[in-house]
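Here is the structure we will look at, set down as structure tokens.
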Amino acid sequence: MTDVALSRKEDHRLLTGRGRFLDDLGRGALCAAFVRSPHAHARIRDIDVAGALAVEGLVAVYTWEDLPAGVRDPLPLLIPHPSLTHGRTPYALAREFVRHVGEPVAMVIAADRYLAEDAAARIDVDYEVLRPVVGIETAAAAEHLVHADVPGNLGARLEQSVGDAAAAIAAAPHRLAFRLDIERSASMPLEGKGVYARWDGEDLRVYSSTQTTTSVRMALSAKLGVPLPHIEVIAPDVGGGFGVKIMHPWPEEVLVPWAAMTLGREVKWAEDRREHFISSAHERAQIHHVEVGFDDDGRVLGLDVRILHDHGAYTPYGIILPIVTSTQLLGPYKIPSYHATVDSLYTNAVIVTPYRGAGRPQGVFCAERTMDKIAAHLDLDRAVVRRRNFIEPDEFPYDHGLTFQDGRPLIYDSGDYPQSLEKIKALIGWDGFAARREAAAAEGRRIGIGLGCYVEGTGVGPYEGAHVQVVSNGHVYVATGLTSQGQGHQTVLAQVAAAELGIGTEQITVTTGDTRRFGYSVGTFASRAAVMSGNAVAVAAGKVKEKAIALAAKVLGADPGSLECAGGEVRARDGSAAIGLGTLAVLSNPLRYSFDEESARAGQFAGVPDPDTPPLEGEPGLEATGYYSPIRSTFASGMHAAVVECDPETAEITVLDYAVVHDCGRMINPQLVEGQVHGGVAQGIAGALYERMAYDEHGQLLNASFMDFLMPYATEVPAIDTDHLETPSPLNPLGVKGAGEAGVIPVSAVIASAIEDAEGFAIDAMPISPSQLHHLRGAAR
Amino acid sequence: MRITLHVNGVPRSAEAEPRVLLSDFLRGELGLPGTHVGCEHGVCGACTVLLDDRPVRSCLMLAATADGHHVTTVEGLAEEAALSPVQQAFGECHGLQCGFCTPGFLTTVTAFLEAHPKPTDEEILDAVSGNLCRCTGYQNIVKAVRRASELMES
Ligand code: FES
Ligand code: FES
């Protein structure tokens, strides 16, 4: 058996237990455990560590008081924004106040994790409990404050506007106003976060289960005062990210390396599941007040959305999420007059940073519910209303007149929404559904169909880079700075390099997220890896090809124009001569010393030197670095549809059919794109029907385990039918967009639409459980 | 205390406190980190190993309880260099993304197909419905189980 049939270069090691995840490293390192706040809001009166000192194997206990300058300062506000007038970030260890259950208060270092937890359990913290602010409406009412110096709990007020929405709505022949809610959920990768650090007195090496090693490195350099060239940050195999690991530096990400430096010992921390629930970021909770004006055909004339966004106890990631909601809400539609305001509010809950979809599921929920309500109001087909509002295929590039999350104008690059709509209707059986519904009704079954469309800004800048190097045996090494969490970048980027260099992917090894190999990068988020690093690899590999051809031309005495890169060599198109890439790699580096036959070919007495040219022209090595920086984001799009069945007695909701039409531009690897869609849809179904963060009025998270947080098993995810459309992006040479988040975005909108269709009353809040549906039935009666 | 297990056919022995979990013992004391811990409370199935050929959650079991028993971990599924049919099928069908849940699925499915060489779709769904995967949406995992049963037949 060979690996040839495996889908991905990553798979062999992962299938044989030879992947290396964070907690697989550092066997024998000291272990950290954290004392975390049991209260949502409290003042720390005293921390008594005496009890911990008796634990054998204890090495150190640290509280905020013990931290030096830099480490004791508030953590950075990563993405400042003019609207974020009251941004607040936490301390690595709480200083006087705790503002959510799970906030770290003390760090314990011991010989192993068992002992560290023993010691942590014996630390006594005396809290003065304060009134917690739980839930968006409580935050907005502001009877109590999360931060004493933030009036109204208001971190930011953001406005987006094109045209005069109020006037357009007032003048419209039809008007509707309604409220839409989405609850908190979370990325919930199967592997939690983790950090492992070593310090040798001069150099710091940090392994982190992060989505951005280069930025963690810069943050650590700033916090710990270690010069950048003396820090390496490496992401080993990472067990899923989905956004939560793009947030950085986490308190533990600063504290563990600092402890390693302070103690001169290797230190490791691997998050457990409960810690993940109560201290790693959540997302999604928003309330939306929507007002829409439209004409007799269902065309939107004006749209006004007032958004209340729950950003949790701190704002380290700025207000990216509500910016995304308020821009991506427009979807595939032409909305001539639009106005959105966002109040971004503090609550005594875990911080909120992007989770796959990142504000888009909420925006799409608003737009799609709006389309359905217009259709219901005018008694029109829901697909027809959408079709009438679409941006037409000949209207690209389409400028919405707003500013996107990358600070650049919101201009769509390409797409074909009417064609997507036709495809999704065919895939789900939209037109024949009335008969199907009737047939089901005749059997006493209640089924409904729903539809949702989205546009997703992908591949945001500022840039990514890559390094491509051919070594003397002809093998090619590719490195890019952004990180992988299971997307298959090693496979996809190898495909890009292989196409450029005319070799097989088995000849290529790709490294991601290792600052030793590539130090410039932004990170993996916003469905940007294929667009950004894909194009960067193409640029770098293109330069290597050029270099190889130039060198081969010299060696073979041929015209570069007559040569091509193929089959692992540079050869004359007429077949008259060829030279291997490995040999060219050797020749590209003139040597004084040789140590094998290959290198002897590049020695100073090999061949007949030209006495009039220096031995080295340009730079040695058959290698090159390339960067890709787009003028603005690409915009992928798609449409989902579902058929659901609602049990008339138990209100149990079953997804019978689920269909996806997806356009992420050119697909480098359709199987992996489909995998991304599947995973996204599963998370979407989870967010629509199962997952929520259940905070009680005291700010306690009641379901902080996999027993109680209902992550779907295989039995909860329906079979997913997919179809693709490829409208290449004109913005980048590969024509790719991005696929990472697409699957999750419209699912809540689609499921709500289908349940509404089955039940005949409005579904305006998601997720929805059978008991909630049961209550809605009661209210509708 | 001294604990001895037959791991992947080899007797292995190490000192450990009575409270040490089987998962931590395998990963830490025996240096076999292929078995993953996703929840440490028995729900995700990532830590599944075969104890005397039957799947168990190693995070719910003390190493001491397994003393003297046979344990198969993901590291022991491949024979020599050849992947087992289950491993091969997961690779072919793109049944893994990050690979963190994968060891638990592989061990679970290996035991399942031993007992049910020709499973129905319903039996397959049932067999994998005790393991969580956050990446794949399960579509290709189900396909991989079907494919593995084909491979085992041929
Ligand atoms: S780690 Fe054992 S079941 Fe999750
Ligand atoms: S492949 Fe990532 S959790 Fe299953």
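The values are calculated or read from the model by the stated rules, or taken from the named source; none is laboratory data. Note that this is a predicted model, so its numbers are computed, not measured. Quick reminder, even Gly has a Cβ in these numbers, built from the backbone with ideal geometry, and neighbours come from all protein chains shown. Please note that ligands, DNA and RNA were not included when accessible areas were found on the heavy atoms of the full protein model with its side chains. Shrake-Rupley method; radii C 1.70, N 1.55, O 1.52, S 1.80 Å.
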- Of all residues in region B:104-117, which are more than 10 Å from ligand 2 (Cβ to nearest atom) and within 14 Å of chain A (Cβ to nearest Cβ)? B:Leu106, B:Thr107, B:Thr108, B:Val109, B:Thr110, B:Phe112
- Given B:Glu29, B:Glu40, which one is of a type in the set (Asp, Glu) and within 16 Å of ligand 2 (Cβ to nearest atom)? B:Glu40
- Residues in region B:73-97 that are open to solvent by 10 Å² or more (accessible area, probe 1.4 Å) and closer than 16 Å to A:Arg20 by Cβ: how many? 1
- Message: Between B:Leu30, B:Leu22, B:Leu5, which is aliphatic (A, V, I, L, M), within 16 Å of B:Thr72 (Cα to Cα) and within 12 Å of chain A (Cβ to nearest Cβ)?
- Response: B:Leu30
- Message: Given the criteria open to solvent by less than 30 Å² (accessible area, probe 1.4 Å) and either within 14 Å of another protein chain (Cβ to nearest Cβ) or basic (Lys, Arg) (or both), does A:Leu25 qualify?
- Response: no
- Message: Looking at region A:618-634, I want the residues that are under 12 Å from A:Asn732 (Cβ atoms) and in contact (Cβ under 8 Å) with a residue 12 or more places away in the chain and have a partner that is part of a loop (DSSP other than H, G, I, E, B) and open to solvent by 50 Å² or more (accessible area, probe 1.4 Å) with Cβ atoms under 8 Å, at least 6 apart or on another chain. Which pairs are those?
- Response: A:Tyr628/A:Tyr463; A:Ser629/A:Pro462; A:Ser629/A:Tyr463; A:Ile631/A:Arg408; A:Arg632/A:Arg408; A:Ser633/A:Arg408
- Message: Considering only residues that are over 20 Å from A:Leu30 (Cα atoms), within 14 Å of chain B (Cβ to nearest Cβ) and open to solvent by 10 Å² or more (accessible area, probe 1.4 Å), which ones fall in region A:221-242?
- Response: A:Asp237, A:Phe242
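Name the one entry in A:Ala682, A:Ala739 that is closer than 30 Å to A:Thr505 by Cβ, assigned to a loop (DSSP other than H, G, I, E, B) and within 13 Å of chain B (Cβ to nearest Cβ). Working first, answer last.
Numbers: A:Ala682 fails: assigned to a loop (DSSP other than H, G, I, E, B).
Every option except A:Ala739 fails the conditions.
Within 14 Å of chain B (Cβ to nearest Cβ), at pLDDT 95 or above and within 16 Å of ligand 2 (Cβ to nearest atom): is that true of A:Ser209 in this structure? Quick ask: steps written out before the conclusion?
Values: within 14 Å of chain B (Cβ to nearest Cβ): yes; at pLDDT 95 or above: yes; within 16 Å of ligand 2 (Cβ to nearest atom): yes.
Yes.
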- Run A:Tyr114 past the list (1) free of Cβ contacts under 8 Å to residues at least 60 places away in the same chain; (2) over 30 Å from B:Pro18 (Cα atoms); (3) open to solvent by 30 Å² or more (accessible area, probe 1.4 Å) and report the number of the one that doesn't hold. (2)
- Query: What tally of residues in region A:582-639 results from selecting those that are within 30 Å of A:Thr727 (Cβ to Cβ) and open to solvent by 60 Å² or more (accessible area, probe 1.4 Å)?
  - Reply: 3
- Query: Pairs under 6 Å by beta carbon, first residue modelled with pLDDT under 95 in region A:754-781, partner surrounded by fewer than 21 Cβ atoms within 10 Å (Cβ to Cβ), six or more apart or different chains?
  - Reply: A:Ala780/A:Phe761
- Query: How many residues are in contact (Cβ under 8 Å) with a residue 60 or more places away in the chain and under 21 Å from the mean Cα position of the chain (by Cα) when one looks only at region A:710-731?
  - Reply: 2
- When (1) among the hydrophobic types (A, V, I, L, M, F, W, C); (2) more than 10 Å from every other protein chain (Cβ to nearest Cβ); (3) under 27 Å from A:Pro236 (Cα atoms) are applied to B:Val86, the one that fails is (2)
- Note on the structure: Here the residues within region B:119-136 that are within 14 Å of ligand 2 (Cβ to nearest atom) and not in a loop (DSSP other than H, G, I, E, B) are B:Val128
- Task: Could you figure out which of (1) over 19 Å from B:Pro33 (Cα atoms); (2) open to solvent by less than 30 Å² (accessible area, probe 1.4 Å); (3) of a type in the set (Ser, Thr, Tyr) isn't true of B:Thr102?
- Result: (1)
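Name every residue in region A:107-145 that is part of a loop (DSSP other than H, G, I, E, B) and farther than 30 Å from A:Gly155 by Cβ, in order of residue number. Walk me through how you get there before you give the answer.
Restricting attention to region A:107-145, the residues satisfying the condition of being part of a loop (DSSP other than H, G, I, E, B) are A:111-112, A:122-123, A:130-135, A:142-145.
Across region A:107-145, the qualifying residues are A:Ala111, A:Asp112, A:Arg122, A:Ile123.
Just the residues that are part of a loop (DSSP other than H, G, I, E, B) and either of a type in the set (Asp, Glu) or open to solvent by less than 20 Å² (accessible area, probe 1.4 Å) (or both), please, taken from region A:249-268. Reasoning before the result, please.
Going residue by residue through region A:249-268, those that are part of a loop (DSSP other than H, G, I, E, B) are A:249-250, A:264-266.
Passing the criteria: A:Pro249, A:Trp250, A:Glu266.
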- Identify, from the list A:Gly743, A:Gly735, A:Gly680, A:Gly675, the residue that is within 16 Å of ligand 2 (Cβ to nearest atom), modelled with pLDDT under 95 and either touching an Asp or Glu at 6+ places or on another chain (Cβ under 9 Å) or within 30 Å of A:Leu380 (Cβ to Cβ) (or both). A:Gly743
- Message: Against the condition at the interface with chain A (Cβ under 8 Å from one of its Cβ atoms) and within 16 Å of ligand 1 (Cβ to nearest atom), how does B:Glu40 come out, does it pass?
- Response: yes
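Could you check, for region A:631-652, whether at least one of its residues is assigned to a loop (DSSP other than H, G, I, E, B), among the aliphatic types (A, V, I, L, M) and touching a His at 6+ places or on another chain (Cβ under 7 Å)?
So the first thing to find is which residues in region A:631-652 are assigned to a loop (DSSP other than H, G, I, E, B), and the list is A:631-633, A:647-652.
Restricting the remaining residues to those that are among the aliphatic types (A, V, I, L, M) gives A:631, A:651.
Those left that are additionally touching a His at 6+ places or on another chain (Cβ under 7 Å): A:651.
Yes: region A:631-652 contains one or more residues that are assigned to a loop (DSSP other than H, G, I, E, B), among the aliphatic types (A, V, I, L, M) and touching a His at 6+ places or on another chain (Cβ under 7 Å).
With respect to A:Leu78, determine if the residue is in contact (Cβ under 8 Å) with a residue 60 or more places away in the chain, of a type outside the set (D, E, K, R) and closer than 20 Å to A:Ala222 by Cβ.
yes
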- What's the number of the condition B:Ser154 fails, among (1) of a type in the set (S, T, N, Q); (2) surrounded by fewer than 24 Cβ atoms within 10 Å (Cβ to Cβ); (3) within 7 Å of chain A (Cβ to nearest Cβ)? (3)
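Does A:Ser420 qualify as being open to solvent by less than 30 Å² (accessible area, probe 1.4 Å), part of a helix (DSSP H, G or I) and polar (S, T, N, Q)?
Values: open to solvent by less than 30 Å² (accessible area, probe 1.4 Å): yes; part of a helix (DSSP H, G or I): yes; polar (S, T, N, Q): yes.
Considered against the rule, which asks whether it is open to solvent by less than 30 Å² (accessible area, probe 1.4 Å), part of a helix (DSSP H, G or I) and polar (S, T, N, Q), A:Ser420 comes out as yes.
Collect the residues in region B:117-141 that are surrounded by fewer than 22 Cβ atoms within 10 Å (Cβ to Cβ), more than 16 Å from ligand 1 (Cβ to nearest atom) and without any contact (Cβ under 8 Å) to a residue 24 or more places away in the chain, keeping them in residue-number order. Break it down stepwise before answering.
Quick first cut of region B:117-141, residues surrounded by fewer than 22 Cβ atoms within 10 Å (Cβ to Cβ) only: B:117-123, B:125-126, B:129-130.
The next check asks that each one be more than 16 Å from ligand 1 (Cβ to nearest atom); those that pass are B:117-123, B:125-126.
Across region B:117-141, the qualifying residues are B:Thr120, B:Glu122, B:Glu123, B:Leu125, B:Asp126.
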- Restricting attention to region A:689-709, report how many residues are open to solvent by 20 Å² or more (accessible area, probe 1.4 Å), more than 10 Å from every other protein chain (Cβ to nearest Cβ) and over 24 Å from the mean Cα position of the chain (by Cα). 6
- Message: Can you say whether A:Ile246 is under 23 Å from the mean Cα position of the chain (by Cα), more than 16 Å from ligand 2 (Cβ to nearest atom), more than 14 Å from chain B (Cβ to nearest Cβ) and surrounded by fewer than 24 Cβ atoms within 10 Å (Cβ to Cβ), as far as the supplied structure shows?
- Response: no
- In region A:609-624, is there at least one residue being in contact with a helix residue (DSSP H, G or I) (Cβ under 7 Å, 6 or more places away or on another chain) and over 23 Å from A:Ala550 (Cβ atoms)? no
